[in-house]
Amino acid sequence: MPVLLIIAGILIIFASCELFVNSVEWLGRKLHLSENAVGTVLAAIGTALPESLVTLIALVFGGSAAHEDIGIGAIIGGPLMLGTVAYCSVGVSALLSRKKRSLGARLELDQLVIARDVLWFLMIFGVAIAASLIPSHPIKILVALGLLAAYFAYAFLQLGQEVGEQRALEPLHFHRRVSVPDTWRVVFQVVIGTAGMIWGANLFVENLSDVATGAGLAAIVLSMLLSPVATELPEIMNAVLWVRQGKEDLAVGNVSGSMLVQSAVPCALGLSFSAWELSIEPLLGVAVIFISTLFVFVTLRAKRLNAGTLLLSGVPYLALLAVLLTRN
């Protein structure tokens with residue numbers, strides 16, 4: 001039964017992602033936002049909700065050491081999955097669909113703009129990790145507020161970008177017979193898509209957790225490696241859908257933007273509602289996050305990011321997986 005529910009969760013997430021991707025672009029058009037802002041802010045916030053909710057429930061409503069381990073593991077696991085598997089999935093999708101794409105395996109995106117987003121993540125996440133060394137909890141709360149302020153500053157800059165040239169959008173699924181859908185239908189589809197992603201992710205996590213617990217995995221390892229498989233699945237599926245449509249700029253922007261959300265909101269929750277002291281397993285995850293993300297940043301700055309180089313971002317995750325499974 002848990003296996004069937006895991007499959008059901010994946011199908012719900014996939015269907016919800018299709019609704020979300022289709023409608024969030026229309027929402028950005030209705031709000032007169034640039035396509036970059038749609039990927040890095042609107043889509044990122046929506047797809048980051050499942051992970052943020054897992055962290056909130058574990059830390060605020062858990063009340064035990066095991067729940068704190070789950071919360072901290074989820075906080076590290078989100079950027080870990082995004083900075084490795086999600087980036088890698090963009091490369092895999094581009095390679096698999098290269099015959100249908102006019103650019104083949106090349107990626108059409110403003111690499112310096114994406115590099116700036118990645119740099120924002122590295123700075124905010126770096127501060128959050130460094131704060132684990134601070135013994136004073138009140139100071140950690142001040143750092144948490146600083147993280148949120150930094151993210152809102154980033155989002156404000158993104159939302160204030162000029163709209164520029166816009167591509168044609170596919171018809172809204174909830175209003176397919178018209179060229180420009182009603183605003184209320186767009187908002188309704190966004191809400192349904194977001195709710196479906198959250199429901200599917202929770203269904204997946206609950207049943208995957210039962211299976212993993214039966215296999216004897218530690219709670220913090222479970223939350224780092226398995227929970228993000230579901231909670232970050234929306235970003236991965238969105239990336240696949242956008243790459244297939246030739247919108248790899250939105251795909252990479254959504255991954256980078258979601259990492260920024262993860263570096264601010266869940267980390268702020270960790271600083272505020274836990275001791276925020278990282279054991280060896282989370283620190284190994286942090287090391288992998290920085291290795292993979294720095295590689296992507298340097299490649300972007302050199303304007304050499306393509307489908308092939310993105311495949312390499314998944315290698316550190318495989319190494320971490322082998323180490324953690326061996327230790328446990």
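The values are calculated or read from the model by the stated rules, or taken from the named source; none is laboratory data. Just so you know, these numbers come straight off a predicted model, no measurement behind them. Note: ideal-geometry Cβ built from the backbone for every residue, glycine included; neighbour counts use all protein chains shown.
Among the residues of the range 13-23, those that are more than 16 Å from the chain's Cα centre (by Cα) and crowded, with 19+ Cβ neighbours inside 10 Å comprise Leu19, Asn22, Ser23. The set of residues in the range 120-141 being surrounded by fewer than 15 Cβ atoms within 10 Å (Cβ to Cβ), in a helix (DSSP H, G or I) and not β-branched (Val, Ile, Thr) consists of Met123, Gly126, Ala130, Leu133, His137, Pro138. Among the candidates Leu59, Leu4, Leu31, Leu42, the residue that is among the aliphatic types (A, V, I, L, M) and under 18 Å from the mean Cα position of the chain (by Cα) is uniquely Leu42.
Conditions (1) part of a loop (DSSP other than H, G, I, E, B); (2) buried (at least 23 other Cβ atoms within 10 Å of the Cβ); (3) among the β-branched types (Val, Ile, Thr), marked per residue:
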{"site": "Ile7", "(1), (2), (3)": "no, no, yes"}
{"site": "Gly46", "(1), (2), (3)": "no, yes, no"}
{"site": "Leu56", "(1), (2), (3)": "no, no, no"}
{"site": "Ile76", "(1), (2), (3)": "no, yes, yes"}
{"site": "Gly83", "(1), (2), (3)": "no, yes, no"}
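Among the residues making up the range 24-44, those that are surrounded by 17 or more Cβ atoms within 10 Å (Cβ to Cβ) and outside any helix (DSSP H, G or I) are Leu33, Ser34.
Val190 fulfils the conditions (1) modelled with pLDDT under 80; (2) within 22 Å of the chain's Cα centre (by Cα); (3) among the β-branched types (Val, Ile, Thr) except for a single criterion, (1).
State yes or no: is Leu222 out of contact with any Pro (no Cβ under 7 Å at 6 or more places or on another chain) and modelled with pLDDT under 85?
In short, yes.
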